Amino acid sequence: MTSPVKNNVDKEVTNANGEESQNNEDFVDPWNVVSSSATGVDYDKLIRRFGCLKIDEALIKEFERVTQKPVHHFLRRGIFFSHRDVNEILKRREQNKSFFLYTGRGPSSSALHLGHLIPFLFTKWLQETFDVPLVIQLTDDEKFLWKDLSIEEAQKLAFENAKDIIACGFDVEKTFIFSDLQFMGQCPEFYQNVVRVQRCVTFNQVRGIFGFGDSDCIGKIAFPAVQAAPSFSSSFPLIFGEKKDIPCLIPCAIDQDPYFRMTRDVAPRLGLPKPALMHSEFFPALQGAQTKMSASDPNSSIFLTDTPNQIKNKINKYAFSGGGATTQEHQEKGGNCDVDISYQYLRFFLEDDVKLEEIRKDYTSGKLLTGFLKKELIGILQKLVADHQQRRKVLDDDTVRKFMTPRKMNFNL
């Protein structure tokens, strides 16, 4: 893949990897994340490069005012840290106007890891908080184009991933999960929006956004329009009827933003609303925050198929420590929570703010050793994964097919 260059597709921003990223700094695109720092990606710089807005205290307070409930701890802790037009979504809520949620998953492995859960856990909270419909795209076509998978294998992985997504607790009456390879042939309106987007974007523009090279197959070059199409309510007539003006809110990791910068530029030319977005940080690999986790490396993460003993062994053996080299050194100098993976995982999964802050202070001062953090984390993850496995175990194929059947759903627009 060639390095992305500046482009004119999104009039709001330049691309993700401009001149700054060529100076041994962070590199972020939809397929690669490389950080030059042990603390991970510099998200403030990424916000400036992408041209999005920081989720600040004022927006969080507005969330709580409009919803009349505390925000999710992912928002309080800055795990979802930037956005595009979320203030407009909140205004619609106050005006009793609806919107819908859209997120997705690229099925490259049969089992999800903890990092894959982050957007789905947050999306579930959004769905429950706002009581709105949700569409979830499984990009099995993308994985066929990028990975060494047959179409049949990609479709099978999509079905298995759907089970893990459903096990997060989504409401079947308000949630539609679809496989691109299946849905494209079932819904002409969806494909019509795909080709509308394709006609608006040139090869030079997608090359500038995504870094496509001359040797990339034409399927890759055309694919971004497929990921753009679910942003529009007109792509789902069985769900939204004739209404083409219902905007969507997309919770996703920040590496997916290039797709939707392109979409936001195209939408006005199609007479359709721009999607709003909320971006999450990357969930770090066990070995450290310089790269995101890989589904192909079983030791880089905790998978939702792991046993309690596997979770314990992975955390104890692979979780990078921010503590001192010896107990004495740690007690004298304290630990570094910014690089300690056990603490970083606790930021995501320990919901008690008071307890997390106590751990941070005591670890930073040297009062708590790394072993305590690992033990605390192991217990939380063992329960989270076991509970998920139990919910998934009771899912039958008919339930999955119900979620994946285009249909009218129970919600008010």
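At 7 Å along Cα-to-Cβ for each site, give me the label-to-label distance between residue 332 and residue 365 in nm.
2.0
Which residue, chosen from 191, 308, 100, occupies the Cα position most advanced towards the positive end of the dipole of the chain, where the dipole is computed from +1 (Lys, Arg) and -1 (Asp, Glu) charges on Cβ about the Cα centre?
After comparing all options, I get 100.
Rounded to the nearest 10 degrees, what's the angle between the helix 188-200 long axis and the longest principal axis of the chain, both from Cα atoms, 0 to 90?
Between the helix axis and the principal axis of the chain, the angle is about 80 degrees.
So how compact is the stretch 161-202: Cα radius of gyration and Dmax in angstrom?
14.0, 40
Whole angstrom only: what separates the Cα centroid of the stretch 103-138 from the Cα centroid of the stretch 245-278?
17
Please give the contour-minus-distance gain from residue 111 to residue 394: 0.36 nm per residue of separation, less the Cα-Cα distance, rounded to one decimal in nm.
100.2 nm
When the distances between all Cα atoms of the stretch 28-149 are binned every 10 Å from zero, what whole-number percent does each bin get?
Taking all Cα pairs of the stretch 28-149, the binned fractions are 10, 35, 36, 17, 2 percent.
Under a straight-distance cross-link criterion of Cα-Cα below 16 Å, which lysines are reachable from residue 91, leaving out those fewer than 8 residues away in the same chain?
Hits, sequence-local ones excluded: 61, 274.
Mind checking the dipole of the chain: about its Cα centre, +1 per Lys or Arg Cβ, -1 per Asp or Glu Cβ, Debye to the nearest 20?
So the magnitude is around 680 debye.
How high is the relative contact order of the chain, in percent, counting Cα pairs under 8 Å that sit 6 or more residues apart?
21
Per the 1.4 Å probe, what fraction of the accessible area of the chain, in percent, lies on carbon and sulfur atoms?
48
What does the charge add up to near residue 356, with Lys and Arg as +1, Asp and Glu as -1, over the other residues with Cβ less than 12 Å from its Cβ?
-1
Relative to the longest principal axis of the chain, what angle (0 to 90°, nearest 10) does the C-alpha long axis of helix 57-67 take?
So the inclination is approximately 60 degrees.
Evaluate E = 1/(1 + (r/R0)^6) for residue 173 and residue 77, where r is the Cβ-Cβ distance and R0 equals 30 Å; express this FRET efficiency to the nearest 0.05.
0.45
At 1.4 Å probe size, what's the solvent-accessible area of residue 184? Round to the nearest 10 Å².
Solvent-accessible area, nearest 10 Å²: 50 Å².
For the chain, with every protein chain kept in place, what is the accessible area per residue (1.4 Å probe, Å²)?
Dividing the accessible area of the chain by its residue count gives 44 Å².
Return the long-range amide H neighbours of residue 101 (sequence gap of 5 or more, or a different chain), with a cut-off of under 5 Å between placed amide H atoms.
Counting only residues 5 or more places away or on other chains, the set is 134, 135, 249.
What lysines sit close enough to residue 367 to cross-link, taking a C-alpha to C-alpha distance under 28 Å and skipping anything fewer than 8 places away on the same chain?
Once the sequence-local lysines are set aside, what remains near residue 367 is 312, 314, 317, 333, 355, 375, 383.
If I stretch the segment between residue 48 and residue 68 completely, what's the gain in nm (0.36 nm per residue apart, minus their alpha carbon distance), one decimal?
Between residue 48 and residue 68, full extension yields an extra 4.1 nm.
Using the beta-carbon distance between residue 184 and residue 358 and R0 = 51 Å, what value does 1/(1 + (r/R0)^6) give for FRET efficiency, to the nearest 0.05?
0.50
Nearest 10 degrees is fine. How inclined is helix 308-318 to the longest principal axis of the chain, computing both from alpha carbons?
The answer is roughly 70 degrees.
Give me the one-decimal nm value for the distance between modelled label points at residue 299 and residue 350, 7 Å along each residue's Cα-to-Cβ direction.
Placing both labels 7 Å along Cα→Cβ, they lie 2.7 nm apart.
Can you pull the one-decimal nm distance between simple spin-label points at residue 60 and residue 316, each 7 Å off the Cα toward Cβ?
3.6
Taking +1 at the Cβ of each Lys and Arg and -1 at the Cβ of each Asp and Glu, which of 334, 125, 364 sits farthest along the dipole of the chain towards its positive end, judged by Cα position relative to the Cα centre?
Toward the positive end, the furthest listed residue is 125.
Can you return the lysines within cross-link range of residue 174? Criterion is Cα-Cα under 20 Å, with same-chain partners fewer than 8 residues away left out.
97, 124, 163, 243, 244, 402, 408
What is the gain in length, in nm to one decimal, between residue 87 and residue 386 on full extension, counting 0.36 nm per residue of separation less the C-alpha to C-alpha distance?
Once the chain is fully extended between residue 87 and residue 386, it gains 103.9 nm.
Please work out the Kirkwood hydrodynamic radius for the chain, using every pair of different C-alpha atoms, and report it in angstroms with one decimal place.
The answer is 22.2 Å.
The values are calculated or read from the model by the stated rules, or taken from the named source; none is laboratory data. Owing to the predicted nature of the structure, the values given are computational and were not obtained by experimental measurement. Note that each Cβ is placed from the backbone with ideal geometry, even for glycine, and that neighbours are counted across all protein chains shown. The area values use the complete protein model at the heavy-atom level, side chains included, leaving out ligands, DNA and RNA. Shrake-Rupley method; radii C 1.70, N 1.55, O 1.52, S 1.80 Å.
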